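Heads up: the structure comes next, in C-alpha coordinates.
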Amino acid sequence: MDFEHSDKVKGLLARIQAFMDEHVYPNEEDYHRFVTDPANLWKEWPKMEDLKAKAKALDLWNLFLPHEYGEFSPGLTNLEYAPIAELLGRVPWSSQVFNCSAPDTGNMEVLAKYGSPEQQEKWLKPLLNGEIRSAYVMTEPQVASSDATNLELSITPDGDEYVINGRKWWISNAMHPRCDVWIVMGKTDFNAPRHAQHSQILVEPSTPGITIVRHQTVFGSHNSPGGECELRFENVRVPKGNLILGEGRGFEIAQGRLGPGRIHHCMRSIGQAQRALEIMARRVDSRVAFGKKLADQSSIRQDVAKSFCEIEMSRLLTLKAADAMDRYGNKVAKDLIAAIKVVAPQMAQTVCDRAIQAHGGMGVSDDTPIARFFTLNRFVRIADGPDEVHMSQLGKAKIKEYVAMNER
(Lines give C-alpha, C1' and ligand atoms only; values in the text may rest on other atoms or scores of the structure.)
Protein backbone atom coordinates (compact mmCIF):
# COMPACT_ATOMS: atom_id res chain seq x y z
CA MET A 1 0.00 0.00 0.00
CA ASP A 2 1.65 3.21 -1.20
CA PHE A 3 0.96 6.41 0.76
CA GLU A 4 3.48 8.53 -1.13
CA HIS A 5 2.03 12.01 -1.59
CA SER A 6 1.15 13.09 -5.11
CA ASP A 7 2.81 16.17 -6.60
CA LYS A 8 -0.48 18.05 -6.06
CA VAL A 9 -0.50 17.24 -2.34
CA LYS A 10 3.22 17.95 -1.97
CA GLY A 11 2.65 21.36 -3.51
CA LEU A 12 -0.28 22.10 -1.20
CA LEU A 13 1.68 21.01 1.85
CA ALA A 14 4.60 23.24 0.86
CA ARG A 15 2.30 26.23 0.40
CA ILE A 16 0.51 25.63 3.71
CA GLN A 17 3.84 25.15 5.51
CA ALA A 18 5.11 28.44 4.07
CA PHE A 19 1.90 30.20 5.16
CA MET A 20 2.17 28.82 8.67
CA ASP A 21 5.84 29.75 8.92
CA GLU A 22 5.03 33.33 7.91
CA HIS A 23 1.66 33.93 9.57
CA VAL A 24 0.72 31.25 12.12
CA TYR A 25 3.73 30.24 14.22
CA PRO A 26 4.83 33.89 14.74
CA ASN A 27 1.33 34.66 16.09
CA GLU A 28 0.94 31.59 18.30
CA GLU A 29 1.78 33.31 21.58
CA ASP A 30 -0.24 36.41 20.72
CA TYR A 31 -3.29 34.26 20.01
CA HIS A 32 -2.89 32.34 23.27
CA ARG A 33 -2.49 35.51 25.35
CA PHE A 34 -5.60 37.03 23.81
CA VAL A 35 -7.97 34.07 24.19
CA THR A 36 -6.86 33.30 27.76
CA ASP A 37 -7.34 36.88 28.97
CA PRO A 38 -10.65 36.93 30.92
CA ALA A 39 -11.38 40.38 29.45
CA ASN A 40 -11.60 38.77 26.01
CA LEU A 41 -14.07 35.96 26.74
CA TRP A 42 -16.17 35.08 23.68
CA LYS A 43 -14.31 37.58 21.49
CA GLU A 44 -12.58 36.59 18.28
CA TRP A 45 -8.82 37.12 18.11
CA PRO A 46 -8.48 40.43 16.17
CA LYS A 47 -6.05 39.04 13.59
CA MET A 48 -8.13 35.99 12.63
CA GLU A 49 -10.16 37.56 9.83
CA ASP A 50 -7.05 39.04 8.24
CA LEU A 51 -5.31 35.65 8.21
CA LYS A 52 -8.44 34.00 6.81
CA ALA A 53 -8.53 36.54 3.99
CA LYS A 54 -4.87 35.87 3.20
CA ALA A 55 -5.41 32.08 3.13
CA LYS A 56 -8.52 32.44 0.98
CA ALA A 57 -6.70 34.69 -1.49
CA LEU A 58 -4.05 31.97 -1.87
CA ASP A 59 -6.74 29.34 -2.51
CA LEU A 60 -5.83 27.51 0.73
CA TRP A 61 -9.48 27.23 1.65
CA ASN A 62 -12.10 24.52 2.40
CA LEU A 63 -9.53 21.84 1.68
CA PHE A 64 -11.34 19.29 3.88
CA LEU A 65 -14.41 18.61 1.69
CA PRO A 66 -13.84 15.31 -0.17
CA HIS A 67 -14.07 15.24 -3.95
CA GLU A 68 -17.48 13.52 -3.96
CA TYR A 69 -19.04 16.80 -2.79
CA GLY A 70 -18.64 18.12 -6.32
CA GLU A 71 -18.94 21.88 -6.68
CA PHE A 72 -18.37 22.43 -2.96
CA SER A 73 -15.06 20.51 -2.92
CA PRO A 74 -11.53 21.54 -3.92
CA GLY A 75 -11.19 17.99 -5.28
CA LEU A 76 -9.07 16.27 -2.63
CA THR A 77 -9.69 12.73 -1.43
CA ASN A 78 -9.73 11.86 2.28
CA LEU A 79 -6.28 10.34 1.85
CA GLU A 80 -4.96 13.50 0.21
CA TYR A 81 -6.40 15.76 2.91
CA ALA A 82 -5.05 13.62 5.79
CA PRO A 83 -1.46 15.01 5.78
CA ILE A 84 -2.90 18.53 5.53
CA ALA A 85 -4.97 17.89 8.66
CA GLU A 86 -1.81 16.67 10.41
CA LEU A 87 0.03 19.85 9.49
CA LEU A 88 -2.84 22.06 10.70
CA GLY A 89 -3.05 20.06 13.92
CA ARG A 90 0.37 21.33 14.97
CA VAL A 91 -1.31 24.65 15.84
CA PRO A 92 -4.94 23.75 16.63
CA TRP A 93 -6.45 27.17 15.92
CA SER A 94 -4.81 27.29 12.48
CA SER A 95 -7.58 25.09 11.05
CA GLN A 96 -9.94 28.07 11.29
CA VAL A 97 -7.54 30.18 9.24
CA PHE A 98 -8.07 27.79 6.32
CA ASN A 99 -11.82 27.30 7.06
CA CYS A 100 -11.13 23.71 8.03
CA SER A 101 -12.06 23.70 11.72
CA ALA A 102 -14.53 21.55 13.63
CA PRO A 103 -17.44 21.59 14.18
CA ASP A 104 -17.92 23.67 11.02
CA THR A 105 -16.32 21.00 8.83
CA GLY A 106 -18.80 18.31 9.86
CA ASN A 107 -21.72 20.71 9.65
CA MET A 108 -20.71 21.80 6.16
CA GLU A 109 -20.51 18.14 5.15
CA VAL A 110 -24.04 17.59 6.49
CA LEU A 111 -25.45 20.58 4.62
CA ALA A 112 -23.56 19.76 1.42
CA LYS A 113 -24.70 16.12 1.50
CA TYR A 114 -28.19 16.34 2.99
CA GLY A 115 -29.26 19.98 3.01
CA SER A 116 -32.09 21.36 0.86
CA PRO A 117 -31.24 24.07 -1.70
CA GLU A 118 -32.79 26.64 0.66
CA GLN A 119 -30.72 25.41 3.61
CA GLN A 120 -27.58 25.43 1.51
CA GLU A 121 -28.22 28.97 0.32
CA LYS A 122 -28.95 30.32 3.81
CA TRP A 123 -26.27 28.51 5.85
CA LEU A 124 -23.89 26.41 3.76
CA LYS A 125 -22.68 29.21 1.50
CA PRO A 126 -21.84 31.58 4.41
CA LEU A 127 -20.05 28.70 6.16
CA LEU A 128 -18.07 27.87 3.02
CA ASN A 129 -17.17 31.56 2.72
CA GLY A 130 -16.00 31.67 6.34
CA GLU A 131 -18.52 34.40 7.16
CA ILE A 132 -20.23 32.51 10.01
CA ARG A 133 -19.49 29.68 12.45
CA SER A 134 -21.72 26.82 13.62
CA ALA A 135 -22.28 24.28 16.40
CA TYR A 136 -23.42 20.66 16.61
CA VAL A 137 -25.92 20.22 19.45
CA MET A 138 -26.18 16.60 20.52
CA THR A 139 -25.01 15.62 24.04
CA GLU A 140 -27.46 15.80 26.97
CA PRO A 141 -26.76 16.05 30.72
CA GLN A 142 -29.47 13.72 32.02
CA VAL A 143 -28.68 10.65 29.87
CA ALA A 144 -25.61 8.66 28.81
CA SER A 145 -25.16 10.31 25.44
CA SER A 146 -22.48 7.81 24.40
CA ASP A 147 -25.59 5.79 23.46
CA ALA A 148 -27.22 8.33 21.17
CA THR A 149 -30.54 6.46 21.21
CA ASN A 150 -30.89 7.82 24.78
CA LEU A 151 -31.23 11.42 23.59
CA GLU A 152 -34.50 12.89 24.87
CA LEU A 153 -34.79 16.44 23.53
CA SER A 154 -38.14 16.57 21.74
CA ILE A 155 -38.80 18.03 18.31
CA THR A 156 -42.60 18.09 18.03
CA PRO A 157 -44.50 19.07 14.86
CA ASP A 158 -47.05 21.86 15.29
CA GLY A 159 -48.55 23.26 12.10
CA ASP A 160 -45.80 24.79 9.96
CA GLU A 161 -43.30 24.60 12.82
CA TYR A 162 -41.46 22.23 15.12
CA VAL A 163 -41.43 22.93 18.85
CA ILE A 164 -38.21 22.00 20.64
CA ASN A 165 -37.94 21.21 24.35
CA GLY A 166 -35.00 19.77 26.26
CA ARG A 167 -31.47 20.23 27.55
CA LYS A 168 -28.04 19.95 25.94
CA TRP A 169 -24.50 20.37 27.20
CA TRP A 170 -20.85 20.33 26.07
CA ILE A 171 -21.86 22.25 22.98
CA SER A 172 -18.63 23.41 21.36
CA ASN A 173 -18.57 26.71 19.47
CA ALA A 174 -22.02 27.78 20.69
CA MET A 175 -20.54 30.88 22.35
CA HIS A 176 -18.50 31.99 19.34
CA PRO A 177 -19.50 35.55 18.33
CA ARG A 178 -19.88 34.45 14.69
CA CYS A 179 -21.91 31.31 15.45
CA ASP A 180 -25.17 31.80 13.52
CA VAL A 181 -26.56 28.27 13.20
CA TRP A 182 -26.78 25.08 15.26
CA ILE A 183 -27.57 21.58 14.06
CA VAL A 184 -29.70 20.09 16.84
CA MET A 185 -30.43 16.37 17.26
CA GLY A 186 -33.56 15.21 19.07
CA LYS A 187 -36.61 12.94 18.92
CA THR A 188 -39.48 13.52 16.51
CA ASP A 189 -41.13 10.13 17.20
CA PHE A 190 -40.75 8.49 20.62
CA ASN A 191 -42.59 5.35 19.44
CA ALA A 192 -40.64 4.55 16.26
CA PRO A 193 -37.86 1.90 16.15
CA ARG A 194 -34.83 3.04 18.18
CA HIS A 195 -32.80 4.26 15.23
CA ALA A 196 -35.72 5.96 13.50
CA GLN A 197 -36.84 8.17 16.40
CA HIS A 198 -34.34 10.99 15.95
CA SER A 199 -34.06 13.89 13.55
CA GLN A 200 -31.70 16.80 13.01
CA ILE A 201 -32.87 20.38 12.62
CA LEU A 202 -31.26 23.76 12.00
CA VAL A 203 -31.76 26.31 14.77
CA GLU A 204 -30.56 29.91 14.92
CA PRO A 205 -29.08 30.81 18.36
CA SER A 206 -31.22 33.97 18.57
CA THR A 207 -34.48 32.00 18.45
CA PRO A 208 -36.73 32.79 21.48
CA GLY A 209 -36.84 30.14 24.18
CA ILE A 210 -33.12 29.26 24.17
CA THR A 211 -31.23 29.83 27.43
CA ILE A 212 -27.50 29.49 27.94
CA VAL A 213 -27.55 27.86 31.36
CA ARG A 214 -23.81 28.11 31.96
CA HIS A 215 -20.41 28.21 30.34
CA GLN A 216 -18.52 24.97 30.97
CA THR A 217 -14.79 24.68 31.47
CA VAL A 218 -12.49 21.94 30.19
CA PHE A 219 -9.56 21.32 32.55
CA GLY A 220 -10.15 24.83 33.90
CA SER A 221 -10.24 26.55 30.49
CA HIS A 222 -13.24 28.27 28.89
CA ASN A 223 -11.83 27.46 25.44
CA SER A 224 -12.83 30.94 24.30
CA PRO A 225 -13.93 32.18 21.81
CA GLY A 226 -15.87 29.00 20.97
CA GLY A 227 -16.14 27.32 24.31
CA GLU A 228 -18.55 24.70 25.58
CA CYS A 229 -21.85 25.42 27.26
CA GLU A 230 -25.09 23.97 28.62
CA LEU A 231 -28.31 24.95 26.85
CA ARG A 232 -32.00 24.79 27.66
CA PHE A 233 -34.72 24.75 24.97
CA GLU A 234 -38.19 25.79 26.14
CA ASN A 235 -40.91 25.81 23.48
CA VAL A 236 -38.43 26.89 20.83
CA ARG A 237 -40.31 27.27 17.55
CA VAL A 238 -38.48 26.54 14.31
CA PRO A 239 -39.88 26.45 10.74
CA LYS A 240 -40.49 22.96 9.37
CA GLY A 241 -38.23 23.83 6.45
CA ASN A 242 -35.28 23.75 8.87
CA LEU A 243 -35.53 19.95 9.30
CA ILE A 244 -32.65 18.18 7.55
CA LEU A 245 -33.49 15.34 5.14
CA GLY A 246 -36.68 14.24 6.94
CA GLU A 247 -38.11 12.91 10.20
CA GLY A 248 -36.38 9.87 11.63
CA ARG A 249 -33.22 10.38 9.55
CA GLY A 250 -31.04 11.65 12.42
CA PHE A 251 -28.83 8.57 12.74
CA GLU A 252 -28.35 8.35 8.99
CA ILE A 253 -27.11 11.94 9.01
CA ALA A 254 -24.91 11.39 12.08
CA GLN A 255 -23.15 8.40 10.54
CA GLY A 256 -22.55 10.29 7.31
CA ARG A 257 -21.07 13.16 9.30
CA LEU A 258 -18.66 11.24 11.52
CA GLY A 259 -16.42 9.32 9.11
CA PRO A 260 -14.38 12.15 7.56
CA GLY A 261 -14.44 14.13 10.82
CA ARG A 262 -12.77 11.30 12.70
CA ILE A 263 -10.01 11.18 10.08
CA HIS A 264 -9.50 14.92 10.61
CA HIS A 265 -9.47 14.62 14.42
CA CYS A 266 -6.97 11.77 14.36
CA MET A 267 -4.59 13.41 11.91
CA ARG A 268 -4.65 16.62 13.95
CA SER A 269 -3.84 14.54 17.04
CA ILE A 270 -0.93 12.98 15.17
CA GLY A 271 0.30 16.46 14.20
CA GLN A 272 0.23 17.51 17.86
CA ALA A 273 2.08 14.36 18.92
CA GLN A 274 4.70 14.87 16.22
CA ARG A 275 5.29 18.47 17.26
CA ALA A 276 5.45 17.51 20.95
CA LEU A 277 8.12 14.93 20.11
CA GLU A 278 10.15 17.48 18.14
CA ILE A 279 9.94 19.99 21.00
CA MET A 280 10.95 17.23 23.44
CA ALA A 281 13.97 16.29 21.31
CA ARG A 282 15.23 19.87 21.26
CA ARG A 283 14.69 20.20 25.00
CA VAL A 284 16.59 17.07 25.99
CA ASP A 285 19.43 17.92 23.61
CA SER A 286 19.93 21.28 25.33
CA ARG A 287 19.44 20.31 28.99
CA VAL A 288 22.16 18.94 31.29
CA ALA A 289 21.48 17.01 34.52
CA PHE A 290 23.85 14.95 36.65
CA GLY A 291 26.79 15.74 34.40
CA LYS A 292 25.39 14.87 30.98
CA LYS A 293 22.71 15.85 28.51
CA LEU A 294 19.25 14.47 29.08
CA ALA A 295 19.53 13.22 25.50
CA ASP A 296 22.28 10.87 26.63
CA GLN A 297 20.09 9.26 29.28
CA SER A 298 18.89 5.81 28.24
CA SER A 299 15.36 6.34 29.58
CA ILE A 300 14.99 9.55 27.54
CA ARG A 301 16.18 7.84 24.37
CA GLN A 302 13.68 5.05 24.97
CA ASP A 303 10.86 7.57 25.41
CA VAL A 304 11.80 9.27 22.15
CA ALA A 305 12.06 5.95 20.31
CA LYS A 306 8.72 4.67 21.65
CA SER A 307 7.04 7.95 20.73
CA PHE A 308 8.41 7.81 17.20
CA CYS A 309 7.18 4.23 16.75
CA GLU A 310 3.73 5.01 18.13
CA ILE A 311 3.30 8.12 15.96
CA GLU A 312 4.34 6.22 12.83
CA MET A 313 1.94 3.36 13.56
CA SER A 314 -0.94 5.73 14.24
CA ARG A 315 -0.23 7.74 11.11
CA LEU A 316 -0.15 4.65 8.89
CA LEU A 317 -3.35 3.28 10.43
CA THR A 318 -5.12 6.60 9.88
CA LEU A 319 -3.92 6.83 6.28
CA LYS A 320 -5.15 3.27 5.72
CA ALA A 321 -8.57 4.25 7.09
CA ALA A 322 -8.69 7.34 4.85
CA ASP A 323 -7.73 5.25 1.83
CA ALA A 324 -10.44 2.67 2.65
CA MET A 325 -13.04 5.46 2.92
CA ASP A 326 -12.05 6.73 -0.51
CA ARG A 327 -12.10 3.28 -2.10
CA TYR A 328 -15.08 1.64 -0.40
CA GLY A 329 -17.02 4.26 1.59
CA ASN A 330 -17.58 4.93 5.30
CA LYS A 331 -19.61 1.80 5.95
CA VAL A 332 -16.93 -0.61 4.72
CA ALA A 333 -14.19 1.43 6.44
CA LYS A 334 -16.03 1.68 9.78
CA ASP A 335 -13.76 -0.77 11.63
CA LEU A 336 -10.63 1.14 10.64
CA ILE A 337 -12.31 4.44 11.52
CA ALA A 338 -13.19 3.06 14.98
CA ALA A 339 -9.63 1.80 15.42
CA ILE A 340 -7.98 5.13 14.66
CA LYS A 341 -10.41 6.96 16.96
CA VAL A 342 -9.22 4.71 19.79
CA VAL A 343 -5.53 4.73 18.88
CA ALA A 344 -4.63 8.27 17.76
CA PRO A 345 -5.81 10.46 20.68
CA GLN A 346 -4.51 7.96 23.26
CA MET A 347 -1.17 7.87 21.47
CA ALA A 348 -1.00 11.67 21.35
CA GLN A 349 -1.84 11.92 25.03
CA THR A 350 0.92 9.41 25.87
CA VAL A 351 3.53 11.13 23.70
CA CYS A 352 2.64 14.52 25.17
CA ASP A 353 2.88 13.08 28.68
CA ARG A 354 6.45 11.91 27.99
CA ALA A 355 7.31 15.33 26.56
CA ILE A 356 5.84 17.03 29.65
CA GLN A 357 7.96 14.81 31.90
CA ALA A 358 11.12 15.63 29.96
CA HIS A 359 10.43 19.36 30.42
CA GLY A 360 9.95 19.14 34.18
CA GLY A 361 8.01 22.07 35.60
CA MET A 362 8.05 23.86 32.27
CA GLY A 363 6.09 20.96 30.79
CA VAL A 364 2.93 21.69 32.77
CA SER A 365 3.03 25.42 31.98
CA ASP A 366 1.88 27.34 28.92
CA ASP A 367 5.48 28.12 27.97
CA THR A 368 5.15 25.38 25.36
CA PRO A 369 1.99 24.07 23.63
CA ILE A 370 2.55 20.55 24.97
CA ALA A 371 0.27 20.82 28.01
CA ARG A 372 -2.52 22.17 25.81
CA PHE A 373 -2.00 19.27 23.40
CA PHE A 374 -2.22 16.83 26.32
CA THR A 375 -5.52 18.18 27.64
CA LEU A 376 -6.97 18.54 24.14
CA ASN A 377 -6.34 14.89 23.33
CA ARG A 378 -7.71 13.77 26.69
CA PHE A 379 -10.88 15.63 25.73
CA VAL A 380 -10.92 14.11 22.23
CA ARG A 381 -10.94 10.62 23.78
CA ILE A 382 -14.50 11.43 24.92
CA ALA A 383 -15.66 13.64 22.04
CA ASP A 384 -17.33 11.87 19.09
CA GLY A 385 -17.89 8.87 21.34
CA PRO A 386 -15.69 7.62 24.19
CA ASP A 387 -12.98 5.02 23.64
CA GLU A 388 -15.10 2.33 25.25
CA VAL A 389 -17.93 2.69 22.73
CA HIS A 390 -15.60 2.38 19.75
CA MET A 391 -13.78 -0.59 21.30
CA SER A 392 -17.04 -2.35 22.14
CA GLN A 393 -18.38 -2.01 18.60
CA LEU A 394 -15.03 -2.85 17.04
CA GLY A 395 -14.58 -5.91 19.26
CA LYS A 396 -18.09 -7.12 18.47
CA ALA A 397 -17.48 -6.77 14.73
CA LYS A 398 -14.11 -8.53 14.82
CA ILE A 399 -15.43 -11.45 16.88
CA LYS A 400 -18.26 -11.92 14.40
CA GLU A 401 -15.86 -11.70 11.47
CA TYR A 402 -13.31 -14.14 12.86
CA VAL A 403 -15.88 -16.67 14.06
CA ALA A 404 -17.38 -16.73 10.57
CA MET A 405 -14.02 -17.53 8.99
CA ASN A 406 -13.16 -21.12 8.18
CA GLU A 407 -10.58 -22.39 10.63
CA ARG A 408 -7.26 -22.90 8.94
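The values are calculated or read from the model by the stated rules, or taken from the named source; none is laboratory data. Please read all numbers here as calculations on a predicted model, not as lab measurements. Cβ placement follows ideal geometry from the backbone for every residue including glycine, while neighbour counts extend to all protein chains displayed. What goes into the accessible areas is simple: the full protein's heavy atoms, side chains included, and nothing from ligands, DNA or RNA. Shrake-Rupley method; radii C 1.70, N 1.55, O 1.52, S 1.80 Å.
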### Query
Is it the case that some residue within the range 78-85 is surrounded by fewer than 21 Cβ atoms within 10 Å (Cβ to Cβ) and aliphatic (A, V, I, L, M)?
no
- prompt: Based on what the data block shows, is residue 370 farther than 28 Å from residue 301 by Cα, in contact (Cβ under 8 Å) with a residue 24 or more places away in the chain and β-branched (Val, Ile, Thr)?
  reply: no
Query raised in the report: Quick check: is even one residue across the range 141-150 surrounded by 19 or more Cβ atoms within 10 Å (Cβ to Cβ) and in a strand (DSSP E or B)?
Result: no
Within the range 312-330, residues in contact (Cβ under 8 Å) with a residue 24 or more places away in the chain and outside any helix (DSSP H, G or I) come out as 330
Taking the range 50-75 and the residues there that are of a type in the set (A, V, I, L, M) and without any contact (Cβ under 8 Å) to a residue 40 or more places away in the chain, the one that is most open to solvent (accessible area, probe 1.4 Å) would be 57
If we keep only residues of the range 273-314 that are within 16 Å of residue 347 (Cα to Cα) and open to solvent by 80 Å² or more (accessible area, probe 1.4 Å), then the residue nearest to the chain's Cα centre (by Cα) is 313
Just one listed residue, out of 389, 403, is farther than 21 Å from residue 353 by Cβ, loosely packed, with under 13 Cβ neighbours inside 10 Å and of a type in the set (A, V, I, L, M, F, W, C), and it is 403
Restricting the range 1-49 to residues that are under 26 Å from residue 222 (Cβ atoms), in contact with a helix residue (DSSP H, G or I) (Cβ under 7 Å, 6 or more places away or on another chain) and not in a helix (DSSP H, G or I), the one most open to solvent (accessible area, probe 1.4 Å) turns out to be 47
Selection over the range 333-390 where residues are of a type in the set (Gly, Ala, Ser), more than 30 Å from residue 26 (Cα to Cα) and either over 19 Å from the mean Cα position of the chain (by Cα) or in a helix (DSSP H, G or I) (or both) yields a count of 2
Residue hits (the range 197-214; over 23 Å from residue 123 (Cβ atoms) and either among the charged types (D, E, K, R) or open to solvent by 40 Å² or more (accessible area, probe 1.4 Å) (or both)) are 213, 214
| Would it be correct to say that residue 130 is in contact (Cβ under 8 Å) with a residue 24 or more places away in the chain, surrounded by 14 or more Cβ atoms within 10 Å (Cβ to Cβ) and over 30 Å from residue 387 (Cβ atoms)? | yes
